[in-house]
């Protein structure tokens, strides 16, 4: 320890209660090291704390005690898993818990705190560069938990509308009101390649069938080359929204995809406002973290966030960032009202417990004192059909946005019937009936009855086509 110098306040290490954690961002990492690194994990933890704050591979002259005292990261713990206290088993007898390309590894829980003085104001990119910057390239190191602390968290106001605001706009009561229900979020299909006139037709059919929120899919943006420019389609779609309102009294929110470079997105946001739009969406991960808050801070439009690109962060179990952080805490802090959640029942491979952890990150209390962030509207999506509605409500409750594309636009009786089928499914589960086949039969609901098993029918059709090709 004497090598670290006599002034312990300059060390890249601290006890948990040796610093004011409200002025630090505390991160938990799963770090897997080769088995022959035995006993070196504390030193490696210190190196990581320095690397992600002020340090480099060697000390430099201007790395003064004053600089270190104010800005250095602090290793709070480096715990071998399991935590041996008396004796470690030898390499030959020790069970291999983790391997990486055939190399046996030992897992460690490493906790590092970064002083918030490293980051100016709400600089999310700067924060990300610290908590998961260069170390992301060092091998199996995974960020599994973050405590931002009061000082940094209070720089963010979260969603403008959130779950409650969206339900209020749709004039649907929240639970425990017996008249509550899930809302349908429909992405127009195909996901791209269609003209504004085709989009207008599909929008109307989904809306009049009972869809509450209609979104562009992630691949349709400001597509002038497809005769589908934003400044042309927004007025056309909102005309259909107004028509539905006149006929049914029900609101429809349209989240137009403004994903682009940062300056263009700000222009498009303001253009949507001027054209009477009521929502936008962005592919927030691929657009970049720093693009999000300047949009959501405008506070005039409901903002839906698509998660394309998220898999690059969370799919590997040994590296990247946990899904509940990357698709939960981060977008909520940045102000996304409706973050997409990959649903494990559809086409996305996702463990149910991780899916539930992500949804908890979107709705549980977050923030401090008067600066509590609003809950987001969870938006489970990805191959969702009416047959999934009972499980969605069992797992998440009724106040969710059920995302479906093909479940409406591929319905054998057409998109209007597809939209009606989802509303009928909600009626069933809110009445306590989870057997949708029985409910459809008992109530003579052809739309719902036909919709059940659509994915299985599609798979059988694909098998038939492949067989005929052979």
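Table for the structure above
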| read-out | value |
| --- | --- |
| Residue within region 358-372 that is modelled with pLDDT of 95 or more, surrounded by fewer than 24 Cβ atoms within 10 Å (Cβ to Cβ) and under 22 Å from residue 254 (Cβ atoms) present | no |
| So residue 401, is it in the same structural domain as residue 302 (by TED's automatic domain parsing) and either within 24 Å of residue 218 (Cβ to Cβ) or more than 26 Å from the chain's Cα centre (by Cα) (or both) | yes |
| Residue pairs meeting the criteria (Cβ under 7 Å; at least 6 apart or on separate chains; first more than 19 Å from residue 325 (Cα to Cα), in region 111-137; second outside any helix (DSSP H, G or I)) | 115/24; 118/53; 121/155 |
| Members of region 1-37 found to be in contact with a strand residue (DSSP E or B) (Cβ under 9 Å, 6 or more places away or on another chain), modelled with pLDDT of 90 or more and surrounded by fewer than 16 Cβ atoms within 10 Å (Cβ to Cβ), listed by number | 15, 16, 18, 23 |
| All positions within region 183-197 that are part of a strand (DSSP E or B) and either without any contact (Cβ under 8 Å) to a residue 60 or more places away in the chain or farther than 15 Å from residue 215 by Cβ (or both) | none |
| Residue within region 105-112 that is in a loop (DSSP other than H, G, I, E, B), surrounded by 14 or more Cβ atoms within 10 Å (Cβ to Cβ) and either in the same structural domain as residue 10 (by TED's automatic domain parsing) or touching a strand residue (DSSP E or B) at 6+ places or on another chain (Cβ under 8 Å) (or both) present | no |
| Residue match in region 201-215 (condition: without any contact (Cβ under 8 Å) to a residue 40 or more places away in the chain and in the same structural domain as residue 425 (by TED's automatic domain parsing)) | yes |
| Cβ pairs under 8 Å, 6+ apart, first in region 275-293 and over 15 Å from residue 306 (Cα atoms), second at pLDDT 95 or above and part of a strand (DSSP E or B) | 277/254; 277/256; 278/253; 278/254; 278/302 |
| Options 88, 70: the member that is assigned to a loop (DSSP other than H, G, I, E, B) and touching a residue at least 40 places away in the same chain (Cβ under 8 Å) | 88 |
| Filtered residue count, region 203-254, keeping only those that are out of contact with any helix residue (DSSP H, G or I) (no Cβ under 8 Å at 6 or more places or on another chain), surrounded by fewer than 21 Cβ atoms within 10 Å (Cβ to Cβ) and outside any helix (DSSP H, G or I) | 5 |
| Filter pass, residue 339 being under 17 Å from the mean Cα position of the chain (by Cα) and without any contact (Cβ under 8 Å) to a residue 12 or more places away in the chain | no |
| Considering residues of region 404-420 that are outside any loop (DSSP other than H, G, I, E, B) and within 18 Å of residue 306 (Cα to Cα) only, the residue farthest from the chain's Cα centre (by Cα) | 406 |
| Breaking point among (1) surrounded by fewer than 17 Cβ atoms within 10 Å (Cβ to Cβ); (2) touching a helix residue (DSSP H, G or I) at 6+ places or on another chain (Cβ under 7 Å), for residue 115 | (1) |
| Number of positions in region 293-335 that are at positive phi and either in contact with a strand residue (DSSP E or B) (Cβ under 6 Å, 6 or more places away or on another chain) or crowded, with 16+ Cβ neighbours inside 10 Å (or both) | 2 |
| Residues of region 38-66 satisfying the condition of being part of a helix (DSSP H, G or I) and exposed (fewer than 11 other Cβ atoms within 10 Å of the Cβ) | 66 |
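The values are calculated or read from the model by the stated rules, or taken from the named source; none is laboratory data. Fair warning: this is a prediction, and the values are worked out from it, not measured in the lab. Cβ sites come from the backbone with ideal geometry, for glycine too, and all protein chains shown count toward neighbours.
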